[in-house]
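Colleague: Take this structure, written in structure tokens, and hold onto it; I'll ask about it next.
Just so it is clear, none of the values below were taken in a lab; they were calculated from the coordinates. Quantities reported herein were computed from a predicted structural model and do not represent experimental measurements. Reconstructed Cβ throughout: ideal geometry from the backbone, glycine too, with neighbour counts over all protein chains shown.
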Amino acid sequence: MQPPAEPFKIKVVEPVNLPSEERRKEAIREAGFNTFLLLSEDVYIDLLTDSGTAAMSDNQWAGMMIGDEAYAGSKNFYNLEKAVLDVLGYKYVVPTHQGRGAEHLMFQHLVKPNQIVPRNMYFTTSKLHVEIPGGKMVDAIIDEAHDPENLHPFKGDMDLNKMQKYVDDYGVEKIAFVSVEMNVNMAGGQPVSMDNLRKLREFCNDYKLKMIYDATRSSENAYFIRERETGYEDTPIIEILREMMSYSDGSVYSSKKDCLVNIGGFLATNDKEIFEATRNMVVIYEGLHTYGGMAGRDMEAVARGLREGTQYEYLKYRVNQVRYLGEMLMEANVPIVKPTGGHAIFLNALKFLPHLEREQWPAQTLAGAIYEDSAVRAMERGAVSKGRDKETGENVFPALELVRLTIPRRVYTNTHMEYTASSIINLYEKRNTIPGLKMVYEPKYLRFFQAKFEQMPL
Ligand code: F0G
């Protein structure tokens, strides 16, 4: 495919430096083969995450200058509230410092000990915030999502048969709520269809279950609905978003992705009871309910970015830049999760490094090898991220053992994508020479952030 033309021009640049081969070798060892522990200045192209890494527009930067830093009643909060109402259709907003702050409030309010939370796969911080109040997150995504080769257009869909089984096995009272993630991160940035959301709403109505979204990447999800679902070909993205949200009882939201900002989050709902409870809790954990851990200027940037990030031409370029990288890799037979998703390309580490055992952490190994080859920073999304089973304490080895090449929004050029593809293709050609890792330090919570590894003999 042709690289997609950017719907913007560049006004400010930040120089980046490609470290020498010798420094790269040393840096990844100093970091214990954990790309989270690399120094940013040792990285040439940073594809660790799409979270908080976007380039803001001139309009957003202008908004930063009208930050109203009042402790209470900042006008930027009301601009944010209005943007959430216009774009997502929720009238109540509780601001938080980032997405996990919203998860903390929402899940602490909704989850009681021994309850389950069915979800389309899981996300690391979401899973933990269900576990802290004594609950357990259980998987209800369609089987196709666990197969990297399957070309299902909506691999984020929830499986209603699995949902029925949870209701039958546990009983409705044991289900805290149903959690639905948009453009499922851990599945490869795969969308949920409108049809699935509609049917799930009916199911939840039948059992009086609350349906709460992780709407973090909902604008990119809405783009896929427009691209793939019959009847939405010409529907404005905002209309698609509002219909999606209309099936929910509320959302938690990390603004650091689709809102094109560097920090921020919120929860939003039309349910007065959820709103009142979480608005009360926010003052304990985050800050007053009109800033929730964000500066006024940051709320203004979120408000503007939420609107900007729904522009069709922008979303088209965004999704196609990710696709462009994916197509270059597929042409060279590099194993990736298909179809390519919204925010990242996921390499299938089990196929890339078939000579390694699961206990040698293939995805962690591959992320380290990519850095050493090209100073491109990627992220492990496999067994290290999944962590241990809460009850047995054993390592859990999920079907997907992936390395995520996450594309920051509006930051890198298509030439950067070409550089990245050629490094990975080069590595794929010499994959048999890559030795596995052993974990030598393991923190208790969210171990992937801080764990350390050493190389094992080949
Ligand atoms: N939900 C999803 C689906 C996420 O991807 C993230 C963050 C969060 C919640 C938490 O939000 O970081 O603002 O506290 N994902 C980042 C990532 C960290 O790299 O995928 P946060």
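Colleague: Arrange the following residues from fewest to most other Cβ atoms within 10 Å of their Cβ: Thr96, Thr392.
Modeller: Values: Thr96 29, Thr392 8.
Final ranking by Cβ density, sparse to dense: Thr392, Thr96.
Colleague: Can you give the Kirkwood hydrodynamic radius of the range 58-308 from its Cα pairs, in Å with one decimal? Before the final figure, lay out the partial values.
Modeller: Working: mean 1/r = 0.0551 Å⁻¹.
Taking the inverse mean of 1/r over all distinct Cα pairs, the range 58-308 comes out at 18.1 Å.
Colleague: Once amide H atoms are built 1.01 Å from N in the peptide plane, which residues 5 or more positions from Met137, or in another chain, come under 5 Å H to H?
Modeller: Correct list: Val117.
Colleague: Please report, to one decimal in angstroms, the Kirkwood hydrodynamic radius of the range 51-90 built from all distinct Cα-Cα pairs. List each step's numbers first, then the result.
Modeller: On the way: mean 1/r = 0.0857 Å⁻¹.
Here the Kirkwood hydrodynamic radius works out to 11.7 Å.
Colleague: Taking the Cα atoms of the chain, what is the range of coordinates along each of the three principal axes, in descending order and whole Å?
Modeller: If we take the Cα atoms of the chain, the spans are 58, 55, 45 Å.
Colleague: For Gly250, list long-range residues whose amide hydrogen, built 1.01 Å from N in the peptide plane, is under 5 Å from its own amide hydrogen.
Modeller: Amide H neighbours of Gly250: Tyr213.
Colleague: If you filter the range 1-45 for trypsin sites (Lys or Arg not before Pro), then keep DSSP loop positions with at most 11 other Cβ within 10 Å, what is left?
Modeller: Details: sites: Lys9, Lys11, Arg23, Arg24, Lys25, Arg29; in loops: Lys9, Lys11.
Of the trypsin sites (Lys or Arg not before Pro), the ones in loops of the range 1-45 whose Cβ has at most 11 other Cβ atoms within 10 Å are Lys9, Lys11.
Colleague: So, one more: Taking the Cβ of each residue in Trp61, Trp361 as the centre, tally the other Cβ atoms inside 10 Å and list the residues starting with the fewest. Before the final figure, lay out the partial values.
Modeller: Details: Trp61 14, Trp361 28.
Placing the least packed residue first, the sequence is Trp61, Trp361.
Colleague: While we're on this one: Can you list the lysines whose alpha carbon is less than 18 Å from that of Lys452, not counting same-chain residues fewer than 8 positions off?
Modeller: Straight-line reach from Lys452, under 18 Å: Lys25, Lys386, Lys438, Lys444.
Colleague: I've got another one for you. Under 22 Å Cα-Cα from Lys75, which lysines qualify once same-chain neighbours fewer than 8 residues away are excluded?
Modeller: Straight-line reach from Lys75, under 22 Å: Lys91, Lys256.
Colleague: Between the range 333-407 and the range 164-216, what is the separation of their alpha carbon centroids in Å?
Modeller: Between the Cα centre of the range 333-407 and that of the range 164-216, the gap is 26 Å.
Colleague: For the range 1-85, state which GluC sites (Glu not before Pro) are in a DSSP loop and have at most 10 other beta carbons lying within 10 Å of their beta carbon.
Modeller: Values: sites: Glu21, Glu22, Glu26, Glu30, Glu41, Glu69, Glu81; in loops: Glu69.
Those satisfying the criteria are Glu69.
Colleague: Based on DSSP H runs of at least 4 residues, each adding -39500 (n - 2.57), what is the mean residue ellipticity at 222 nm of the chain after dividing by all its residues, to the nearest 500 deg cm²/dmol? Show your work: numbers first, answer last.
Modeller: Values: 16 runs with 181 residues, N = 458.
Per the formula, -12000 deg cm²/dmol.
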